[in-house]
1. Take the conditions crowded, with 17+ Cβ neighbours inside 10 Å, more than 23 Å from the chain's Cα centre (by Cα) and acidic (D, E) and apply them to E225. Does it pass?
2. Hey, among the residues in the range 232-262 that are under 22 Å from E129 (Cα atoms) and not aliphatic (A, V, I, L, M), which one's surrounded by the most Cβ atoms within 10 Å (Cβ to Cβ)?
3. Taking only pairs six or more apart or across chains, which ones have beta-carbon atoms under 6 Å, a first residue in the range 148-159 that is of a type in the set (S, T, N, Q), and a second residue that is at pLDDT below 85?
4. Do any residues in the range 411-426 that are more than 13 Å from N445 (Cα to Cα) have Cβ atoms under 8 Å from those of residues that are of a type in the set (S, T, N, Q) and assigned to a strand (DSSP E or B), where the two are at least six apart or on different chains, and which pairs are they?
5. Determine which member of the set E379, E444 is under 30 Å from Q237 (Cβ atoms) and not assigned by TED's automatic domain parsing to the domain that holds E57.
6. Just name the residue that is surrounded by the most Cβ atoms within 10 Å (Cβ to Cβ) out of those in the range 126-147 that are farther than 28 Å from P174 by Cα and free of Cβ contacts under 8 Å to residues at least 12 places away in the same chain.
7. Read through the list (1) within 21 Å of the chain's Cα centre (by Cα); (2) surrounded by fewer than 20 Cβ atoms within 10 Å (Cβ to Cβ); (3) at positive phi, then give the number of the only condition that N309 fails.
8. For the range 319-339, which positions are surrounded by fewer than 18 Cβ atoms within 10 Å (Cβ to Cβ) and among the small types (G, A, S)?
Amino acid sequence: MTNIILCGGSGTRLWPISRTLMPKQFVKLFDNKSLFQLTVERNSKVCDKNFVVSNAEQYFLAVDQLEEHSTSNIQHSKFLLEPIGRNTAPAIALACLALDSEELVLVTPSDHLIKNEKEYEKVITRAKELATQNSLVTFGIKPTFAETGFGYIQAKPENDECLMLSVELFHEKPNFETATKYLEENSKLSIQNLPLKYYWNSGMFLFKAGVFLQELQKYAPKIYESCVVAFDNKKIQHSTLRIQHSHMEAIPDESIDYAVMEKSSKVKVVPSDIAWSDVGSFDALCNELTKDENGNTQNPNHISIDSKNNLIYGNERIIATVDIEDLIVVDMGDALLISKKGSSQKVKNVVAKLKEQKSELHNIHLTGHRPWGTYTILEEAKGYKIKRIEVKPSKRLSLQKHFHRNEHWIVVSGTATVTVGEETRLVRPNESTYIKMGEIHRLENQGKIPVILIEAQVGEYTGEDDIVRIEDDFKRD
């Protein structure tokens, strides 16, 4: 069985922790592990292969985190890179087109938390039995409160054991009154020891690759046909499939629920009591983090004076709180969020305002991750920017030039191989080099330890988009 891991989404409701170029699934929130790494770990017990669907930026994050955890995960992993997102139906279809039609696929988001793994393995076993009989299986989570941020599945039992149910309807995210009615109906049924009627839609699925494609062709033929064209024109590099931009753009943007699951007669739902969370808000995150004796999330940088039941997140500065309760405080160095608990869904409105202001704060942290390493902005003002750059062993930046800035590199650690124009030379610790505006240049690490350097940029414009790539090992635009 193959685990198709969907890495799309930017997690705007967890800003400023989550950014477009470092979304929540790759942030190490739980015992120095990311939700992506936990997803791979969990599903490696029930699947023998991974198929990661992501965009190009997230691809390198995924590769790094797979390598951190286990080389065997890389050996059993394929990647499908989308130049633009077109929702879950095309993402799953493109992955299924690369698999044998009889292959069972477990489709999971990369950013969900599941704490009851023993029960999880049991429900996967039930779902596999149904999928081998050509059903499209989804997993329904028992609602514990009137959540308006999830879709709901309306189900009815098909057998006395109630281990699997047929789907009557899929419901879009309801308002609070409707969600409350769903829970009230469930409560009445529970008192009578009858199966529940409403479940949260987990966004996880299990089916044969070929069965899904047949149902997609039947109910969403435009998506199916455009996916086939895009797949037939893919580019292959080792275990990575790249879809071309023009073909991806031609695929209709639709979710798997809308395109197939709401229309197919083959859909079954397995009730799943697996301690599941989509970690989709700070309130949800707070529920999953360890607390101290006062109900505050544990943080070695937090000094609490008579403060209770707060989420305190930040590892760069001391955060001191006095006489506060039920607040969310998130300090990321370049942005500070303070919110009442219960209002954290509104964080996405902050992200919308940042986009309106053309700020980069929704897009990237002070530390940016690149396939060759990282850079951290140490200081920035009009006319200049200072960075700390770290290049991993055997990696190099693109051969590039800039139109609006000069750069001065000072090596702090390791030995850098620097190309400027026609000249290539080694630059050692406490040595430097200067790159004039418009000069073609490249930074490379041919050694066995990271190269760390300080870069001083001076110019009228120092934005990250002032890069013209001439050659690039990572096939970026």
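1. It is false that E225 is crowded, with 17+ Cβ neighbours inside 10 Å, more than 23 Å from the chain's Cα centre (by Cα) and acidic (D, E).
2. D257
3. Partner pairs satisfying both residue conditions: Q154/E168.
4. These pairs meet every condition: V420/T433.
5. On the way: E379 fails: under 30 Å from Q237 (Cβ atoms).
Exactly one residue qualifies, and that residue is E444.
6. The extreme case among them is E129.
7. Condition (1) is where N309 drops out.
8. Across the range 319-339, the qualifying residues are A320, G333.
The values are calculated or read from the model by the stated rules, or taken from the named source; none is laboratory data. Please read all numbers here as calculations on a predicted model, not as lab measurements. Here Cβ is always computed from backbone atoms with ideal geometry, including for glycine, and neighbour counts include all displayed protein chains.
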